[in-house]
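Have a look at the structure below before the remarks.
Nothing in this text is a laboratory measurement; each read-out follows from the coordinates by a stated rule. Just so we're clear, the structure is a prediction, and the values are computed from it rather than from any experiment. Every residue, glycine among them, receives a Cβ derived from its backbone with ideal geometry; neighbour counts consider all protein chains shown.
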Amino acid sequence: MSLPILKKEKLIEVLMMCCSFVTVLTTIGIILILTLEAIKFFAEVPIGDFLTDTQWTPLFSDKHFGILPLLSGTLLTTTIAILVAVPLGLIIAVYLNEYASPRFTAVVKPILEVLAAIPTVVYGFFALQFVTPLLQKIIPGLNGFNALSPGLVMGIMIIPYITSLSEDALRAVPRSLREASYGMGATKFQTAFKVMIPAASSGIIVSIILAISRALGETMIVAIAAGQEPKLTFNPMESVETITTYIVQVSMGDVPQDSLEYKTIFAAGLTLFVFTFILNNISFFVRKRFQNKYE
Amino acid sequence: MNSKNYSRGKLTDKVFKYTALAFTVFALSVLVILLVDIFSKGLARINWDFFRNLPSRHANRSGIMTAMAGMLSLLFFTIIIALPIGILAGVYLQEYGKKNRFASFIEINIANLAGVPSVIYGILGLTLFVRILHMGNSLIAGALTLALLIMPIIIVATREAIKAVPNSLREASYGMGATKWQTTSKVVIPSALGGILTGIILAISRAIGETAPLLVIGALVYVPFIPEGPNDQFTTLPIQIFNWTSRPQADFIINAAAGIIVLLLITFLLNGIAIYIRNKWYKKIKY
Amino acid sequence: MKQRFKLFWLIFVGSASFVSCFKNYKGRINIDGSSSVYPITEAVAEEYRYKHGDIRVTVGVSGTGGGFKKFARGEIDISNASRPIKESEIKACTENDISFIEIPVAYDGLAVVISPSNTFVDHLTVAELKKMWEPAAQQKITSWKQIRESFPDVPLRLYGAGTSSGTYDYFTEAIVGKAKSSRGDYTASEDDNVLVQGVSSDKGALGFFGLAYYVENKTKLKLVGIDAGKGKGPIYPTDSTVRTGVYAPLSRPEFIYINAASANSPVIQDFVRFYMENAPQLVQEVGYVPLPEEAYILSYQRFQNKKLGSMFANKSTVGADLVALLKADQ
């Protein structure tokens, strides 16, 4: 092979390698920016205050910089979403895997995936304009802005995350296990819950972790329907503000670039990033181990 | 086996079966209710004026022209940035990446990026593109931000598509004396095109629906003008919907619903095309 | 395979040319600032657009404070303001060689609103409002009963302008006695629509914003009469009570500030002329209170004569007689 061709090959390979390096640069960029700006923030606000203060009022005369209110808003809406999505998602996955005919599954699964494809503004609209009024009829005195409505809608949105991955995990369980269970006279229900789910547990756990991560990072549904008042509460009927809504709110306002208030979005963003980063990594490693188990 | 246990087991089984079916139907019906609610609220509003008009303080004179212009321009720039880099990266990782620590490091990295909340990409874009590189809240800053966001999708889809190409094709190509790049570019990539295309379309579909990162980089919410170029300010359809949804007047809610119908139609169309291409391509390589 | 590539390129190029249909405008006017003044300027800009489609007018809502910051940096031609420019802001302008022309455009009465389902509140005194909003109330005043003994023990939830808003500055100055001084635990938003949404659906809610946002959402809100303790009883914001300042202390004039350098451009001159001509009608339509006819004429003269500086340096706007001030400062 002639030298020019070899050179060209090498050049192209280097070019492609650089392209794949863009992802590494992105991660480095995110971590650098969040950390550096957060450090500047913590130079002025003690990290102890940040973690323990129960008020978040960075823009007012009585300034407080406690992340707990925003964190509670995020966790509250996420918890409601998960409480909806995990039972529904798992049971549906079991049904599709054990009980339903392949044709039924082939039709239903894609339709459920549509739930994940719908843009989140649409869900936000649905939460504010349909679910909240509906809930207000059932629960008199419910606020227009509350955590319950977006939490429920987020839960519905996340069901495909749980269903798809759990169903894949269930399908990957060796037939022999299932056959053996039936062979001992177990019903489908017993087989599903005593044999299949435990066997597929790592895949199911991965799906739950990914769903949690998705819910933590959700912005538009809560921005539209949950409210804009940071409040330390675990009452789903109150209006709350999540970390994500806060970041959008400050960016949409006009906060001067180098002010302490502006730096709050980095501190808040870093908190959020740390949570999702840890969750994503756990799920990645669990998934790797689970893949290896069945290879 | 004890007959009492057996019949109890059977009862549980039956109860569960119908409960589970009910849950499935419930999940599907929420989707149906959502679509019906939105269509009933917004369908009447859709006419040519809705597409041609710029936003207005009067709901019935407001239209989505600037939102559509902004969205299409933004998509165009996002794609021309994300596509080449994403595909080349995916090709490299799958075809050239040796099973070494570097490759698996990037793999973890991409899995992570796919799970990073979109607002964080917004913060990245705001700091890097808008402020440090002085691009302001322009189309190009938005495009760069979105490109970074969808790149993991394109890379993963490319890798999956290339993984599915049978090795026999590669062997045959090497057997004829082709170099690695010749094989990759003339044999592997064309065979994987269907899968890659599917990934592109899914990435577009994702980019279209993104709102939060664009709000963070400063995309405007009320844009009564058509962007004058990639350095201009802009808005997109999801942002316009967000603005109308936040307004308490009933007429703007109708506008929001109508805008959602347009957005959903585009999203479903794209996803439908992606599924169609994927099915056709899947059949093709299964020889 | 070749055909597949051709098709791909065709679609790509086709969409590229479709998408690159950017528009070219002949003139640009950048406006930003108060969300209270925004409805007026937006209405004017929109009507102007129908007459001159090739002039691009953008109106942002960064808040009065945010608007002045941009104005001082020369980034915008006109700043919407729901309070007069402050000393520090004037200084920032002179540091960058920016001079301005101050023009009042309307009267606004800050509306204090509650939910229609709130049946126990009819009016409030300024002292009661202060108890509700002052910094000392943070985390402490959480029930209506603490405001007035006869009120039921309903949770008090507050909604109001954010800290970069002129409305916020004005409200805190008028009610608490010191600008920018308030509790921080309320739903603060520069987007008044969020506030309307919040108050309308919450029985224990109370909010404040520009009168225009009340007028536009009358059916969803209940107006609260304000008793300033001057013996006149509770007053509601109407055209006459706002214009004469009887609706106290929450009546205020609203302004636009024009960059003196931009005022040399024919595009800006035409726009300001259009603004002054159409303000009486549009201000009314939007829900604010128009100035007396004479004031608009004097204001336009002020612009044409390029009269620089503020009429309100070191003066409060409460009860100010705009016509007299305009005449005096010609």
### Task
Quantify how much of the Cα-Cα distance distribution of region C:176-330 extends past 28 Å, in percent.
32 percent
### Task
Quickly estimate the mean residue ellipticity at 222 nm for chain C, helices only: each DSSP H run with n ≥ 4 gives -39500 (n - 2.57), and the total goes over all residues, rounded to 500.
-11500 deg cm²/dmol
### Query
Which residue, chosen from B:164, B:67, B:239, occupies the Cα position most advanced towards the positive end of the dipole of chain B, where the dipole is computed from +1 (Lys, Arg) and -1 (Asp, Glu) charges on Cβ about the Cα centre?
B:164
### Message
If the only charges are +1 at each Lys and Arg Cβ and -1 at each Asp and Glu Cβ, what is the size of the charge dipole of the protein assembly as shown around the Cα centre, to the nearest 20 debye?
### Response
3940 debye
### Angle in degrees between helix C:38-51 and the longest Cα principal axis of chain C, rounded to the nearest 10
30 degrees
### Query
If you average the sequence gap of Cα pairs under 8 Å that are 6 or more apart and divide by the length of chain C, what percent do you get for the contact order?
24 percent
#### Entry: Rg/Rg_globular for region C:273-330, with Rg_globular taken as 2.2 N^0.38 Å and Rg from C-alpha atoms
1.17
## Note on the structure
Taking the alpha-carbon centre of each part, the distance from region A:120-162 to region C:238-256 in Å is 40 Å
### Stretch in chain C that is longest and holds no GluC sites (Glu not before Pro) that DSSP places in a loop and that have at most 15 other beta carbons within 10 Å
C:150-330
### Task
Along Cα→Cβ, 7 Å out, is where each label goes; now give me the distance between the ones at residue C:26 and residue C:236 in nm to one decimal.
4.8 nm
### Query
Pairs C:91/C:140; A:288/B:280; A:263/C:203; A:231/C:131; C:86/C:307: which exceed 27 Å Cα-Cα?
C:91/C:140; A:288/B:280; A:263/C:203
## Note on the structure
To the nearest 0.05, the calculated FRET efficiency linking residue C:218 and residue B:100 through their beta-carbon distance, R0 being 51 Å, is 0.15
### Query
According to a simple spin-label model (label point 7 Å from Cα along Cα-to-Cβ), what is the distance in nm between residue C:150 and residue C:123?
1.2 nm
### Task
Output the antiparallel fraction of DSSP beta bridges having both residues in the protein assembly as shown, as a percent to the nearest 5.
60 percent
### Message
With an 8 Å Cα cut-off and a minimum separation of 6 or more residues, compute the relative contact order for chain A in percent.
### Response
26 percent
### Query
If you look at just the Cα atoms of the protein assembly as shown, how large are its Rg and its Dmax in Å?
30.0, 105
#### Entry: Positive dipole terminus of chain A, leading residue within A:56, A:242, A:282 (C-beta point charges)
A:282
### Query
To the nearest 0.05, what FRET efficiency results for residue C:329 and residue A:234 with a Förster distance of 56 Å applied to their C-beta separation?
0.45
### Message
Rounded to the nearest 20 debye, what is the charge dipole size of chain A about its Cα centre when +1 sits on each Lys and Arg Cβ and -1 on each Asp and Glu Cβ?
### Response
1360 debye
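Pull up the DSSP beta bridges for region C:109-243 and report the antiparallel fraction as a percent, rounded to 5. Write out the running numbers ahead of the final one.
Values: 9 of 17 bridges.
Looking only at bridges with both residues in region C:109-243, the antiparallel portion is about 55 percent.
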### Query
If r is the Cβ-Cβ distance from residue B:280 to residue B:176 and R0 is 30 Å, what FRET efficiency results, to the nearest 0.05?
0.60
### Task
Among A:135, A:5, A:112, pick out the residue whose Cα is farthest towards the positive end of the charge dipole of chain A, where Lys and Arg carry +1 and Asp and Glu carry -1 on C-beta, about the Cα centre.
A:5
### Task
Enumerate the helices in chain B for which the Kyte-Doolittle hydropathy averages -1.0 or more and the C-alpha atoms extend at least 24 Å along the helix's axis, using complete DSSP H runs.
B:3-42, B:65-91, B:139-163, B:189-209, B:250-285
### Query
Any idea what the alpha-carbon Rg over 2.2 N^0.38 Å comes to for region B:98-240?
1.32
### Message
How tilted is helix C:266-286 with respect to the longest principal axis of chain C? Cα atoms for both, answer in degrees (0 to 90, nearest 10).
### Response
40 degrees
### Query
Which shape class, rounded, prolate or oblate, goes with chain C when its Cα gyration tensor gives a ≥ b ≥ c as root eigenvalues, a/c under 1.5 marks rounded, and past that a/b bigger than b/c marks prolate?
oblate
### Euclidean distance of C-alpha centroids, region A:1-67 and region C:75-123, integer Å
38 Å
#### Entry: region B:40-85 versus region A:191-205: alpha-carbon centroid distance in Å
46 Å
#### Entry: Rounded, prolate or oblate (a/c below 1.5 giving rounded, otherwise prolate when a/b exceeds b/c) for region A:16-94 by Cα gyration tensor
oblate
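Hey, could you grab the Kirkwood Rh for chain B? Inverse mean 1/r over distinct alpha carbon pairs, Å, one decimal.
By the Kirkwood definition, the hydrodynamic radius is 21.9 Å.
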### Task
Please determine, in degrees from 0 to 90 and to the nearest 10, the orientation of helix C:2-19 with respect to the longest principal axis defined by the Cα atoms of chain C, where the helix direction is its Cα long axis.
60 degrees
### Message
Given axes a ≥ b ≥ c from the Cα gyration tensor, I'd like to know whether region C:109-243 is rounded (a/c under 1.5), prolate (a/b larger than b/c) or oblate.
### Response
rounded
### Task
Any chance you could list P(r) for region B:1-79, counting all Cα-Cα pairs in 5 angstrom bins from zero, rounded to whole %?
3, 11, 10, 10, 10, 10, 9, 6, 6, 5, 5, 5, 4, 4, 2
### Query
Between residue B:12 and residue B:28, what length in nm is gained on full extension when 0.36 nm per residue of separation is reduced by their alpha carbon distance?
3.3 nm
### Query
Any idea how far apart residue A:136 and residue B:4 come out in nm if each label point goes 7 Å out from Cα toward Cβ?
5.4 nm
### Message
Under the 0.36 nm per residue contour assumption, what length would be gained going from the current alpha-carbon distance of residue B:60 and residue B:134 to full extension?
### Response
22.9 nm
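How big is the charge dipole of region A:147-288 about its Cα centre, in debye rounded to the nearest 20, if each Lys and Arg gets +1 on its Cβ and each Asp and Glu gets -1 on its Cβ? Show your work: numbers first, answer last.
On the way: 10 positive and 10 negative charges, 198 e Å.
Charge dipole, region A:147-288, about its Cα centre: 960 debye, nearest 20.
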#### Entry: Residue of B:101, B:206, B:52 that the Gaussian network model of chain B assigns the largest fluctuation, springs spanning Cα pairs under 10 Å
B:101
